[in-house]
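> First the structure, then my questions, so here it is.
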Amino acid sequence: MNVDHFLDGRLKLRHLVLVTVVADEGTLVGAAKAMHVTQPVVTRSLQEIEAIIGVEVFSRGPRGVRPTQYGDILIEHARAVVGNVQAAAERIHGLQRLGMEPVRVGTILAGAHSLLPQTLIRLKKAHPHLTVSVVEAMPEELGLQLSRGEVDVLVGRLQPSSPRATLRHVRLYEEPVRLVVRHEHPCLSTPTSGIEDLMDLPWILPGRNTQLRQELDELFGRRGLPLPANVIECSTILTLKTVLLETDAVAPLPLLIGARDPLLAVLPLGLDTVPREIGITTIADRRPSASTRLLIKELVAVARETDPVLLESRR
């Protein structure tokens with residue numbers, strides 16, 4: 001292959017869009033349908049790509065196509081390029097339409113339950129025409145979306161840096177995890193010395209693929225305890241809260257979720273899990289837009305007024 005062929009003008013943006021769509025659809029027929037073209041057009045374009053770069057991008061099979069090792073590399077970078085172009089179009093459109101660029105913020109809402117809503121309220125009061133889109137997903141997916149330019153900033157628990165991109169983390173505060181129950185839960189009036197006394201209750205635990213769940217599993221192991229027998233695995237706040245309010249379930253949650261909700265209460269028990277570092281994540285070599293900088297400024301201001309450790313000491 002000739003590396004220069006990637007930049008000599010023959011490899012077009014439409015080619016990069018094509019490989020991402022084919023990868024997503026898994027078949028040439030599906031890709032043609034998604035792109036509103038015929039299958040021969042997709043086949044011919046794919047042949048053009050492979051002729052330009054000199055390697056096979058997809059292997060064909062009876063059930064569809066699969067990326068080759070070369071294809072995996074091309075698809076990864078194609079997604080980043082296409083995402084950046086889409087982001088540019090959205091930013092230009094937003095600036096043209098409203099005079100301000102829209103902001104796309106990625107989060108796990110449980111990790112920014114109080115911080116992000118309070119920030120959005122203040123931001124919209126000061127800048128009512130600024131559009132903010134909130135994207136909720138798992139940390140791995142959010143990291144990919146940030147690296148592709150599909151979101152502008154991440155808010156919530158700080159994660160290790162991605163190998164695909166150099167990230168900039170801004171730590172705002174540490175938020176401990178505490179056991180949360182409904183406001184009139186019987187345990188609030190009964191002395192409880194530790195989680196050993198709660199093993200017969202229903203528990204709501206985060207999914208097994210989350211960092212908090214791993215820490216909780218280790219906590220039970222250190223105490224020589226099995227996991228509770230009655231468990232719901234759930235990381236969705238709305239579902240989780242409904243179950244808490246209608247049962248005697250207990251849920252390990254960030255402190256502010258229980259402390260700021262009048263329908264919930266925090267049990268007076270410490271959990272020796274790793275404190276959750278809450279903060280802001282951006283791409284280090286990508287300058288945030290003016291609108292994103294406004295959001296970050298408000299996040300920092302709200303965080304300074306939010307001290308979970310001080311709040312807990314007052315309880």
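> For the condition more than 23 Å from residue 304 (Cβ to Cβ), in contact with a Lys or Arg (Cβ under 7 Å, 6 or more places away or on another chain) and either surrounded by fewer than 18 Cβ atoms within 10 Å (Cβ to Cβ) or not acidic (Asp, Glu) (or both), what is the one hit in 269, 244? Spell out how you get there, then give the answer.
Working: 269 fails: in contact with a Lys or Arg (Cβ under 7 Å, 6 or more places away or on another chain).
The conditions single out 244.
> Taking the stated definitions as given, is residue 170 at pLDDT 90 or above, over 17 Å from the mean Cα position of the chain (by Cα) and open to solvent by less than 80 Å² (accessible area, probe 1.4 Å)? Let's see the steps before the verdict.
Working: at pLDDT 90 or above: yes; over 17 Å from the mean Cα position of the chain (by Cα): no; open to solvent by less than 80 Å² (accessible area, probe 1.4 Å): yes.
Criteria not met by residue 170.
> Does residue 205 satisfy the criteria of being within 21 Å of the chain's Cα centre (by Cα), modelled with pLDDT of 90 or more and open to solvent by less than 10 Å² (accessible area, probe 1.4 Å)? Give the steps one after another, and end with the answer.
Numbers: within 21 Å of the chain's Cα centre (by Cα): yes; modelled with pLDDT of 90 or more: yes; open to solvent by less than 10 Å² (accessible area, probe 1.4 Å): yes.
Yes: the conditions hold for residue 205.
> Something else about it: Taking region 209-221 only, how many residues are in contact (Cβ under 8 Å) with a residue 12 or more places away in the chain and more than 15 Å from residue 253 (Cα to Cα)?
Final tally of qualifying residues: 2.
> Would you mind listing the helices (runs of 4 or more DSSP H) fully within region 204-297 where at least 3 residues are among the acidic types (Asp, Glu) and over 13 Å from residue 180 (Cβ atoms)?
Working: elements: 211-222, 237-246, 255-259.
Ranges flagged: 211-222.
> Shifting gears a bit: Are any of the residues in region 182-191 modelled with pLDDT of 90 or more, open to solvent by 70 Å² or more (accessible area, probe 1.4 Å) and in a loop (DSSP other than H, G, I, E, B)?
Within region 182-191, one or more residues are modelled with pLDDT of 90 or more, open to solvent by 70 Å² or more (accessible area, probe 1.4 Å) and in a loop (DSSP other than H, G, I, E, B).
> Within region 86-120, can you find the residues that are under 21 Å from the mean Cα position of the chain (by Cα) and β-branched (Val, Ile, Thr)?
103, 105, 107, 108, 119
> For residue 145, state whether it is within 9 Å of the chain's Cα centre (by Cα), of a type outside the set (Asp, Glu), surrounded by fewer than 20 Cβ atoms within 10 Å (Cβ to Cβ) and in a helix (DSSP H, G or I). Walk me through how you get there before you give the answer.
Details: within 9 Å of the chain's Cα centre (by Cα): yes; of a type outside the set (Asp, Glu): yes; surrounded by fewer than 20 Cβ atoms within 10 Å (Cβ to Cβ): yes; in a helix (DSSP H, G or I): yes.
Criteria met by residue 145.
> All but one of (1) open to solvent by less than 50 Å² (accessible area, probe 1.4 Å); (2) within 19 Å of residue 272 (Cβ to Cβ) hold for residue 217; which doesn't?
(1)
> Let me ask something else. In a helix (DSSP H, G or I), among the hydroxyl-bearing types (Ser, Thr, Tyr), crowded, with 19+ Cβ neighbours inside 10 Å and at pLDDT 90 or above - does that describe any residue in region 100-114?
We begin by selecting, within region 100-114, every residue in a helix (DSSP H, G or I); these are 109-112.
Narrowing the set further to residues that are among the hydroxyl-bearing types (Ser, Thr, Tyr) leaves none.
No, the conditions are met nowhere in region 100-114.
> Residue check: is residue 285 open to solvent by 30 Å² or more (accessible area, probe 1.4 Å) and in contact with a Leu (Cβ under 9 Å, 6 or more places away or on another chain)? Even if it seems obvious, please write down each step before you answer.
On the way: open to solvent by 30 Å² or more (accessible area, probe 1.4 Å): yes; in contact with a Leu (Cβ under 9 Å, 6 or more places away or on another chain): no.
So residue 285 does not fit the description; no.
> Something else: Kindly establish whether residue 101 is among the acidic types (Asp, Glu), out of contact with any strand residue (DSSP E or B) (no Cβ under 6 Å at 6 or more places or on another chain) and touching a residue at least 60 places away in the same chain (Cβ under 8 Å).
yes
The values are calculated or read from the model by the stated rules, or taken from the named source; none is laboratory data. No experiment lies behind these values; they were computed from the predicted model shown. Please note: Cβ atoms are built from the backbone with ideal geometry, for glycine as well, and neighbour counts cover all protein chains shown. In case anyone asks, the SASA skips ligands and DNA or RNA and just uses the protein heavy atoms, side chains included. Shrake-Rupley method; radii C 1.70, N 1.55, O 1.52, S 1.80 Å.
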